[in-house]
Amino acid sequence: MNFIIESTVKAIKELYHADIAPSDISLQETRKEFEGQVTIVTFPFTKFSRKSPEQTGAEIGEYLKNSLKEISAFNVIKGFLNISICSAYWIDQLYTEILKDDFAVLKPNGKRVMVEYSSPNTNKPLHLGHVRNNLLGYSVAQILEAAGYEVIKTNLVNDRGIHICKSMLAWQLYGNGETPQSTGEKGDHLVGKYYVIFDKEYKKEIEFLKSEGQTEEEAKKNAPLIKQAQELLLKWEAGDEKVIDLWKTMNTWVYDGFGKTYKALGVEFDKFYYESNTYLLGKDIIDEGLQSGVFFKKEDGSVWIDLTEDGLDQKLVLRADGTSVYMTQDMGTAKLKYDDFQMDESIYVVGNEQDYHFKVLFLILQKLGKTWAKGLFHLSYGMVDLPSGKMKSREGTVVDADDLIAEMKTTAKAQTEALGKINDFGEEEKEQLYHTIGMGALKYFLLKVDPKKRLLFDPNESVDFQGHTGPFIQYTHARIKSVLNRATITGMETDPTELAPEERDLIVTLTQFPDIITQAAIAYNPGTVANYVYELAKTYNKFYHEHSILQAEDELVKQFRLELSVASAKVISKAMNLLGIDVPERM
RNA sequence: GGUCCCAUAGCUCAGCUGGAUAGAGCAACUGAUUUCUAAUCAGUAGGUCUCUGGUUCGAAUCCAGAUGGGAUCACCA
């Protein structure tokens with residue numbers, strides 16, 4: 001559409017002798033109720049023309065129509081110049097742009113970006129909150145790649161610390177040597193079970209101590225279980241062989257379980273970092289900051305940074321005993337990641353409860369003069385809440401990821417069977433399809449909303465399969481494929497005839513795809529793609545309903561509609577892939 | 001208390017750097033299938049865009065304030 005903007009700049013120069021920048025012209029889609037495809041708002045030009053918005057629009061419209069062969073008509077309503085572009089232009093767009101293999105393949109921008117997501121703790125299975133994180137991270141990575149970045153997907157696994165020791169301790173005390181093999185339980189669930197047991201027993205001890213007259217705080221500190229867990233952590237840090245062995249064994253169980261969940265979610269990673277390797281990092285940065293005066297030492301030996309000038313607080317970066325805190329590690333890990341990959345940008349997909357932490361982290365790194373710090377970005381997303389409130393793994397009030405995935409598949413199965421369209425499928429093929437549809441529904445449900453917004457998930461109200469949903473779009477794809485399977489495409493191009501409105505709208509929508517990718521990449525928002533592909537599917541369905549493809553008026557029209565269908569299926573499939581959603585050939 | 005995020009139809013959400021009569025889906029009601037997949041399409045109904053001011057030819061959108069909801073301000077991660 002750039003040619004219209006360029007001509008409008010010229011029009012204003014010739015008609016009103018004024019220079020305006022192309023960026024000052026706002027070109028927008030014409031609203032459905034008016035004639036035309038693009039609209040120019042003429043209010044801003046009246047100060048040059050010194051005429052009414054209507055008259056200005058008419059003059060510019062006349063100029064454009066005379067100078068551009070693509071423009072077939074125009075009309076002016078109030079301050080809006082609506083332009084109709086001729087069918088030949090749109091048909092040309094279909095054959096020379098949309099149908100080409102490199103359509104919506106954006107040029108490499110020479111930039112490398114790291115997307116860190118998932119980042120689970122290894123003491124419990126993944127829940128719905130993690131699912132949102134994983135889908136968001138994976139989709140953003142896909143979108144950035146489509147937008148021309150070189151993308152590195154990383155997962156920083158929190159595999160050490162007191163929470164893991166709690167699971168280990170509870171397993172030692174109450175586990176009777178249970179293993180995933182002996183119980184048939186998925187490894188991460190087995191370990192998570194002992195995490196919950198720990199919490200239950202710990203609470204009992206607290207109650208008991210309170211009944212003996214201790215305060216809540218004292219009881220929490222003095223309970224034997226927490227003391228034992230802390231001892232375990234000290235032994236781990238000292239490298240005690242038996243403790244390390246148990247830790248390794250239980251983590252292996254968990255990774256095995258996570259691997260299955262990741263596979264079911266369809267997410268993957270290029271590089272894993274483990275906190276057991278990185279938790280001691282960052283101390284050299286502390287020294288560096290002390291020397292440069294960015295940090296200061298208090299009397300007790302603890303190290304701090306004063307951010308009050310930036311509207312934040314004083315923040316501890318190293319304990320008095322010289323051990324690191326979360327911030328210390330994160331500084332060190334940020335540096336490690338940069339040393340490994342020298343990326344231009346680094347995106348942390350982490351919940352919004354850590355907004356403050358990342359604000360501080362990035363600010364500290366900037367103050368330390370790290371040139372790469374300006375490329376750091378916290379992709380913050382809202383929590384997933386249940387009607388009953390916040391999910392808490394410790395208390396077992398979570399929507400488990402594996403359960404949810406299984407449920408989605410069951411629902412997909414029931415819906416599909418009720419329609420009875422795939423009775424000729426083999427068992428394996430059926431299972432595959434149920435998974436594709438179930439995950440399509442779940443992924444679309446989670447990705448269509450703005451990441452910033454918190455999400456309320458009611459487990460009793462199942463995720464929809466009709467309307468503005470993943471399966472709706474998947475269905476549109478399958479439907480197109482079904483038509484295409486019944487026809488032969490000869491590859492002959494149509495004559496530039498007059499397009500029906502539904503055909504033209506479909507091409508117009510298709511041409512927007514590259515822009516959508518760019519927009520989604522800039523905003524780190526898969527929702528942009530999700531809403532676009534829904535719009536596209538709706539537009540196709542309308543076209544499909546109004547026009548017969550196989551029984552078209554003549555062979556040329558038929559071939560044209562087939563090509564239009566090919567293009568639509570291609571864009572739908574590609575857009576859905578940016579969301580990490582597969583589209584079936586039949587359903 | 002300080003800081004950050006959110007507020008649009010009964011419900012779940014779109015609405016790009018300000019533009020026309022604020023759009024979808026779900027739920028409710030009506031209609032379309034001897035015709036390419038009806039998980040579809042067409043229609044009816046549903047709104048003080050939380051409130052108050054400001055900027056502007058023009059504000060759901062930008063600014064200020066208020067109200068409500070959430071998060072955070074740990075020598076936890």
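Using the count of nearby Cβ atoms within 10 Å as a rough guide to exposure, how do A:PHE34, A:PHE362, A:PHE377 rank from fewest to most?
On the way: A:PHE34 13, A:PHE362 19, A:PHE377 16.
Neighbour counts put them in this order, fewest first: A:PHE34, A:PHE377, A:PHE362.
Quick check: pseudo-label points 7 Å beyond the Cα along Cα→Cβ at A:THR371 and A:LYS390, how many nm apart are they?
According to this spin-label approximation, the distance is 4.2 nm.
Suppose every K and R has +1 on its Cβ and every D and E has -1 on its Cβ; what is the size of the dipole of chain A about the Cα centre, in Debye to the nearest 20?
Numbers: 68 positive and 87 negative charges, 117 e Å.
Its charge dipole is roughly 560 debye.
So for chain A, taking the charge dipole from beta-carbon charges (+1 Lys/Arg, -1 Asp/Glu), which of A:ILE197, A:GLN37, A:ASN251 sits furthest toward the positive end?
Ranked along the dipole, the leading option is A:ILE197.
Against the longest principal axis of chain A, how steep is helix A:555-578, in degrees 0 to 90 to the nearest 10, with axes from Cα atoms?
Around 20 degrees separate the two axes.
Would you mind checking the tilt of helix A:128-146 against the longest principal axis of the Cα atoms of chain A, expressed as 0 to 90 degrees and rounded to 10?
On a 0 to 90 degree scale, this one is about 50.
For the stretch A:43-53, in order, what is each residue's ³J(HN,Hα) by Karplus, 6.51 cos²θ - 1.76 cosθ + 1.60 with θ = phi - 60°, in whole Hz (x at glycine and Pro)?
Once θ is set to phi - 60°, the couplings for the stretch A:43-53 become 3, x, 8, 5, 6, 8, 7, 6, 10, 5, x Hz.
What stretch of chain A, leaving out the sites themselves, is the longest with no trypsin sites (Lys or Arg not before Pro) in a DSSP loop having at most 13 other Cβ atoms within 10 Å? It would help to have the intermediate numbers written out before the result.
On the way: sites that count: A:ARG31, A:LYS32, A:ARG50, A:LYS69, A:LYS78, A:LYS100, A:LYS298, A:LYS390, A:LYS421, A:LYS452, A:LYS453, A:ARG454, A:ARG486.
After excluding every exposed loop site, the longest remaining stretch is A:101-297.
HN-Hα J couplings of the stretch A:454-468 from phi, Karplus 6.51/-1.76/1.60, θ = phi - 60°, integer Hz, Gly and Pro as x?
6, 10, 9, 10, 9, x, 7, 9, 5, 5, 5, 10, 10, x, 6
What shape does the stretch A:79-212 take by its C-alpha gyration tensor, where a ≥ b ≥ c are the square roots of the eigenvalues and a/c under 1.5 counts as rounded, a/b above b/c as prolate, and the rest as oblate? Walk me through the numbers on the way to the answer.
Values: a/c = 3.73, a/b = 3.07, b/c = 1.21.
The shape class here is prolate.
Once you order the gyration tensor axes a ≥ b ≥ c over the Cα atoms, which shape class does the stretch A:161-266 get: rounded for a/c under 1.5, otherwise prolate or oblate by comparing a/b with b/c? Working shown, then result.
On the way: a/c = 2.38, a/b = 1.76, b/c = 1.35.
Cα axes put the stretch A:161-266 in the prolate bin.
If we sort A:167-174, A:324-331 on the protection proxy, mean other Cβ atoms within 10 Å, highest first, what's the order?
Numbers: A:167-174: 21.2, A:324-331: 19.1.
Listed from highest to lowest mean packing, they are A:167-174, A:324-331.
Give the angle, between 0 and 90 degrees and rounded to the nearest 10, that separates the Cα long axis of helix A:401-419 from the longest principal axis of the Cα atoms of chain A.
40
Residues with amide H under 5 Å of A:GLN37's amide H, sequence separation 5 or more or different chain, H placed in the peptide plane at 1.01 Å from N; which?
Amide H to amide H, under 5 Å and 5 or more residues apart or across chains, A:GLN37 pairs with A:ILE83, A:SER84, A:ILE85.
Given points 7 Å out from each Cα along the Cα-Cβ axis, report the A:GLN55 to A:GLU546 separation in nanometres with one decimal.
3.7
At 1.002 mPa s and 20 °C, plugging the Kirkwood radius over alpha-carbon pairs of the stretch A:2-85 into Stokes-Einstein gives what diffusion coefficient in µm²/s?
Values: Rh = 12.4 Å.
It comes out at roughly 173 µm²/s.
Of A:ILE12, A:ILE517, A:ILE77, how do they rank once you tally other Cβ atoms within 10 Å and put the fewest first? Mind showing how you got there, number by number?
Details: A:ILE12 23, A:ILE517 26, A:ILE77 16.
Neighbour counts put them in this order, fewest first: A:ILE77, A:ILE12, A:ILE517.
Pick out, in residue order, every one of the GluC sites (Glu not before Pro) in the stretch A:502-558 that is DSSP loop and has at most 11 other C-beta atoms within 10 Å; say none if there are none. Walk me through the numbers before you get to the answer.
Numbers: sites: A:GLU502, A:GLU503, A:GLU535, A:GLU546, A:GLU553, A:GLU555; in loops: A:GLU553.
In loop regions of the stretch A:502-558 (DSSP not H, G, I, E or B), the sparsely surrounded GluC sites (Glu not before Pro) are A:GLU553.
Starting from the Cα-Cα distance between A:ALA523 and A:ASN2, subtract it from 0.36 nm times their residue separation and give me the gain in nm to one decimal. Kindly include the intermediate steps, with their values, before the conclusion.
On the way: separation 521, 0.36 × 521 = 187.56 nm, distance 2.26 nm.
Residue separation times 0.36 nm, minus the Cα-Cα distance, leaves 185.3 nm.
Going toward the positive end of the dipole of chain A, with +1 on Lys and Arg Cβ and -1 on Asp and Glu Cβ, which of A:GLY293, A:TYR544, A:LEU564 do you reach last?
Ranked along the dipole, the leading option is A:GLY293.
Quick one: what are the phi-derived ³J(HN,Hα) couplings along the stretch A:349-365, Karplus 6.51/-1.76/1.60 with θ = phi - 60°, whole Hz, x for glycine and proline?
3J(HN,Hα) across the stretch A:349-365, in whole Hz: 8, 9, x, 6, 5, 9, 3, 5, 4, 6, 4, 5, 4, 5, 5, 4, 5.
Using only Cα atoms, locate the centre of the stretch A:199-215 and the centre of the stretch A:3-35, then give the distance between them in Å, rounded to an integer.
74
Considering the dipole of the stretch A:1-127 built from charges on the beta carbon (Lys and Arg +1, Asp and Glu -1) around the Cα centre, which of A:SER23, A:SER87, A:LEU64 is farthest to its positive end?
The Cα lying farthest towards the positive end belongs to A:SER23.
Under 14 Å Cα-Cα from A:LYS263, which aspartates and glutamates qualify once same-chain neighbours fewer than 8 residues away are excluded?
Answer for A:LYS263, where 14 Å is the Cα cut-off: A:ASP402, A:ASP582, listed by chain and number.
Write down the Å³ per residue value for the convex hull defined by the alpha carbon atoms of chain A. Walk me through the numbers on the way to the answer.
On the way: hull volume 122.9 nm³, N = 587.
Hull volume over Cα atoms, normalised by residue count, gives 209 Å³.
Identify all lysines with a Cα-Cα distance to A:LYS221 below 24 Å; exclude those on the same chain that are fewer than 8 residues away in sequence.
A:LYS124, A:LYS166, A:LYS193, A:LYS200, A:LYS203, A:LYS204, A:LYS210, A:LYS235, A:LYS392
Could you calculate the contour length gain from A:ALA418 to A:ASP458, that is, 0.36 nm times the residue separation minus the distance between their Cα atoms, to one decimal place in nm? All intermediate terms of the calculation are to be shown ahead of the outcome.
Values: separation 40, 0.36 × 40 = 14.40 nm, distance 2.44 nm.
Fully extending the segment from A:ALA418 to A:ASP458 adds 12.0 nm.
Would you kindly compute the Cα radius of gyration of the stretch A:336-444 and its largest Cα-Cα separation (Dmax), both in Å?
Values for the stretch A:336-444 (Cα only, Rg and Dmax): 21.6, 65 Å.
Assign unit charges at the C-beta atoms only (+1 for Lys and Arg, -1 for Asp and Glu), then state the dipole size of the stretch A:2-85 relative to its Cα centre in Debye, rounded to the nearest 20. Could the numbers behind the result be given before it?
Numbers: 10 positive and 11 negative charges, 32 e Å.
In debye, rounded to 20, the stretch A:2-85 gives about 160.
Kindly put A:GLU407, A:GLU207 in sequence by how many other C-beta atoms sit within 10 Å of each C-beta, fewest to most.
Numbers: A:GLU407 17, A:GLU207 13.
Final ranking by Cβ density, sparse to dense: A:GLU207, A:GLU407.
Any idea what the dipole of the stretch A:161-266 comes to, in debye rounded to 20, about its Cα centre with Lys/Arg Cβ at +1 and Asp/Glu Cβ at -1?
On the way: 15 positive and 17 negative charges, 66 e Å.
Computed about the Cα centre, the dipole is about 320 debye.
Mind jotting down a quarter of the surface of the convex hull over the alpha carbons of the stretch A:132-181, in square nanometres, one decimal?
Projected area, direction-averaged: 5.7 nm².
Give the calculated FRET efficiency between A:GLN354 and A:ASP270 to the nearest 0.05, with a Förster radius of 25 Å applied to their Cβ-Cβ distance. Show your work: numbers first, answer last.
On the way: r = 23 Å, r/R0 = 0.93.
Efficiency, rounded to the nearest 0.05: 0.60.
Based on the alpha-carbon gyration tensor of the stretch A:57-145 and its eigenvalue square roots a ≥ b ≥ c, which shape applies: rounded if a/c is under 1.5, prolate if not and a/b is larger than b/c, or oblate?
Numbers: a/c = 3.85, a/b = 2.58, b/c = 1.49.
Cα axes put the stretch A:57-145 in the prolate bin.
Taking 0.36 nm per residue of separation and subtracting the Cα-Cα distance, what length does fully extending A:LYS69 through A:SER23 add?
Working: separation 46, 0.36 × 46 = 16.56 nm, distance 2.32 nm.
That works out to 14.2 nm of additional length.
Computed from the coordinates by the stated procedures, all read-outs in this text should not be read as laboratory data. Please read all numbers here as calculations on a predicted model, not as lab measurements. Cβ: placed from backbone, ideal geometry, glycine included. Neighbour counts: every protein chain shown.
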